[in-house]
Amino acid sequence: MPLPFLPDSMTLALHVSHLRKVYKSGTVAVDDLSLDVQPGDFFGFLGPNGAGKSTTIHCITGIATPTSGTIEIFGVDAVKDYREARKLIGLSPQEFNVDAFANVTDIVDWMGGYFGMTKAERKTRVDMLIQKFDLVPHAKKKFRELSGGLKRRVMLARVMINDPKLLILDEPTAGVDVELRRDLWRYLQELNRDGKTIFLTSHYLEEVERLCATISIINGGRIVRQGPKAGFVNEPGGLEAAYLRATGAEPDHVAAPA
Amino acid sequence: MSGYDGSVNWVGLWTIIRREWSRLMRVPIQAFLAPWISALLFIFVFGFVVGGRIAQIGGHRYLEFVLPGILMLNIVNASFLQSTSQIYFSRFLRYVEETLVSPLSYAEMIAGILSIVVVRAVITSLGILAIAAVFGVTHITSIGAFLFWIVSVSIVFGLLGIIIGLWANNFEQLTMLNVFFITPLSFVGGVFNTVNMLPGWMKGVAYANPFFYFINGLRHAMIGFSEANEWIGVSVALGLSVVLFATVWRLFSVGYGLRS
């Protein structure tokens, strides 16, 4: 789908500056968080449960309202010019946020409709994505009838409908089998090679190590470490040890396999 | 935040309508058959059986008099239930997030919800008119005014339903406005009786009840019988539509009930 807004290729894909999110309960989920994602980067966003990963993503995509700070997607303010910003971004969320009684084709097609894609554009794209994610036998099944792995595939097909320039994947391989995980890795690597910027959160360090070029670690709502992957994996103990150190855990407490 | 650039995402708006139509068609018995059966019973018992023993009102058979009230009750219910369920279930199942992450303006989201509210109210009304026709009541004095009342009242209660759908955090809260406000006020708004039939102190209350003006307006559009200046009703309907739309737009823009 042609985008009316064509960003400068040198503009950052994502620029988050001093983001703070305080929930009504008073919980500070994200505090003074700043990060930059270069166009074409495969960016890994790591952190323990409750660290603020999903809240950060929700603020970037419009599901949560930032308390303060700025967010720009390819130079477009995600709060002030949210409609333009949304055209550039796609989110595959951690939790399934679909009408569970709708069928797979409709779920993917409706998302294309929200993005203003014509019927012909949607038809071509939906058919391609349903095939790409091996959903052909399930195309007319209701979402609630699908297995966890199939549901995850639908989420990925849905997010790809408008071919977003910045793809945000919040634990996209949680609960999927090894085969699908490998297929998905190959697909994401293909997309990234073709120039798509990908922002990935995952609890699978192997996944992050394999896919990402840049890694950022969040803990307690703040970025605690950020840099190229090489800086993490070349440390003694590799990425896992670096991650545990950054989040305040002791790598030595992890027992080695017998 | 505004984010409004002046262009309308017509495909996005149409998609909300398609989605909600698909959702509505999953429950045709609840959405259409239930109000039609209810209206049939009202028309048969109150209009035909009881009404057959009641003298004419303003030169009209009781069945003709009571039909606009029955229609209005169902328009109000259909509109309110449609928008509350649309909003509440989209929040409950979290698929409201699909529209939040999309390039849709708040006005488009609200217009999409209201469009299907009006469609449901019109279909419900047409079914009730068909049932009334079986009992020999087919009179509509002004088609334009008749359509105005169906559309404007469905928009008012559609908007009210959106507010409740955004506010409610459980099924109990969803029904509160209907139980304590909508049903009592609509029943005492002149569905079954004229204002003149009420005791003296209740006449003043009736004239302060917006439902009275809606029912009176529809009744005037159908049989030409009126107990108040219809322009008061038109002003109330349009005024409420504007105020409620502005309120809903504001709630959407601050993310009330939608964004965390």
Of (1) touching a residue at least 40 places away in the same chain (Cβ under 8 Å); (2) more than 11 Å from chain A (Cβ to nearest Cβ), B:Ala55 fails just (1)
Over region B:88-138, the set of residues polar (S, T, N, Q), more than 8 Å from chain A (Cβ to nearest Cβ) and not in a helix (DSSP H, G or I) is B:Thr138
Counting only residues in region A:157-185 that are in a helix (DSSP H, G or I) and modelled with pLDDT of 95 or more, the one surrounded by the fewest Cβ atoms within 10 Å (Cβ to Cβ) is identified as A:Val159
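Take region A:215-242 and flag every residue that is among the aliphatic types (A, V, I, L, M) and either touching a residue at least 40 places away in the same chain (Cβ under 8 Å) or part of a helix (DSSP H, G or I) (or both). Explain how you work it out, then say what you get.
As a first pass, look at region A:215-242 and keep what is among the aliphatic types (A, V, I, L, M): A:215, A:217-218, A:223-224, A:230, A:233, A:239, A:241-242.
Answer for region A:215-242, where residues must be among the aliphatic types (A, V, I, L, M) and either touching a residue at least 40 places away in the same chain (Cβ under 8 Å) or part of a helix (DSSP H, G or I) (or both): A:Ile215, A:Ile217, A:Ile218, A:Ile223, A:Ala230, A:Val233, A:Leu239, A:Ala241, A:Ala242.
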Looking across region A:185-210 at residues that are of a type in the set (A, V, I, L, M, F, W, C) and within 13 Å of the chain's Cα centre (by Cα), the single one that is nearest to A:Ala249 (Cα to Cα) is A:Val208
Those residues of region A:63-92 that are assigned to a loop (DSSP other than H, G, I, E, B) and more than 7 Å from chain B (Cβ to nearest Cβ) come to a total of 6
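Count, please, the residues in region B:58-87 that happen to be within 14 Å of chain A (Cβ to nearest Cβ) and surrounded by fewer than 24 Cβ atoms within 10 Å (Cβ to Cβ). Write out each step before concluding.
Keep residues of region B:58-87 that are within 14 Å of chain A (Cβ to nearest Cβ), which gives B:85-87.
Cutting the leftovers down to surrounded by fewer than 24 Cβ atoms within 10 Å (Cβ to Cβ) gives us B:85.
Counting residues in region B:58-87 that are within 14 Å of chain A (Cβ to nearest Cβ) and surrounded by fewer than 24 Cβ atoms within 10 Å (Cβ to Cβ) gives 1.
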Taking region A:6-62 and keeping residues closer than 25 Å to A:Arg210 by Cβ, assigned to a loop (DSSP other than H, G, I, E, B) and among the hydrophobic types (A, V, I, L, M, F, W, C) leaves A:Leu12, A:Ala13, A:Ala51
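Select, from B:Phe65, B:Phe44, the only residue that is under 20 Å from B:Ser125 (Cβ atoms), within 21 Å of the chain's Cα centre (by Cα) and either among the aromatic types (Phe, Trp, Tyr) or not in a loop (DSSP other than H, G, I, E, B) (or both). Walk me through how you get there before you give the answer.
Working: B:Phe44 fails: within 21 Å of the chain's Cα centre (by Cα).
Step by step, each of B:Phe65, B:Phe44 is checked, and only B:Phe65 is under 20 Å from B:Ser125 (Cβ atoms), within 21 Å of the chain's Cα centre (by Cα) and either among the aromatic types (Phe, Trp, Tyr) or not in a loop (DSSP other than H, G, I, E, B) (or both).
Of everything in region B:28-49, what is farther than 27 Å from B:Asn178 by Cα and in contact (Cβ under 8 Å) with a residue 12 or more places away in the chain? Give them in sequence order.
Pass one, region B:28-49, residues farther than 27 Å from B:Asn178 by Cα: B:48-49.
Matches in region B:28-49: B:Phe48 only.
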Taking first residues from region B:212-240 that are β-branched (Val, Ile, Thr) and second residues anywhere that are buried (at least 18 other Cβ atoms within 10 Å of the Cβ) and not in a helix (DSSP H, G or I), the pairs with Cβ under 6 Å that are 6 or more apart or on different chains are B:Ile215/B:Gly189; B:Ile215/B:Gly190; B:Ile223/B:His60
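May I ask you to verify whether A:Lys123 is surrounded by fewer than 21 Cβ atoms within 10 Å (Cβ to Cβ), out of contact with any Cys (no Cβ under 9 Å at 6 or more places or on another chain), part of a helix (DSSP H, G or I) and without any contact (Cβ under 8 Å) to a residue 24 or more places away in the chain?
Working: surrounded by fewer than 21 Cβ atoms within 10 Å (Cβ to Cβ): yes; out of contact with any Cys (no Cβ under 9 Å at 6 or more places or on another chain): yes; part of a helix (DSSP H, G or I): yes; without any contact (Cβ under 8 Å) to a residue 24 or more places away in the chain: yes.
It is true that A:Lys123 is surrounded by fewer than 21 Cβ atoms within 10 Å (Cβ to Cβ), out of contact with any Cys (no Cβ under 9 Å at 6 or more places or on another chain), part of a helix (DSSP H, G or I) and without any contact (Cβ under 8 Å) to a residue 24 or more places away in the chain.
The values are calculated or read from the model by the stated rules, or taken from the named source; none is laboratory data. Keep in mind that what you see is a predicted model, and the values were worked out from it rather than measured. Every residue, glycine as well, gets a Cβ built from its backbone with ideal geometry; the counts of neighbours run over all protein chains shown.
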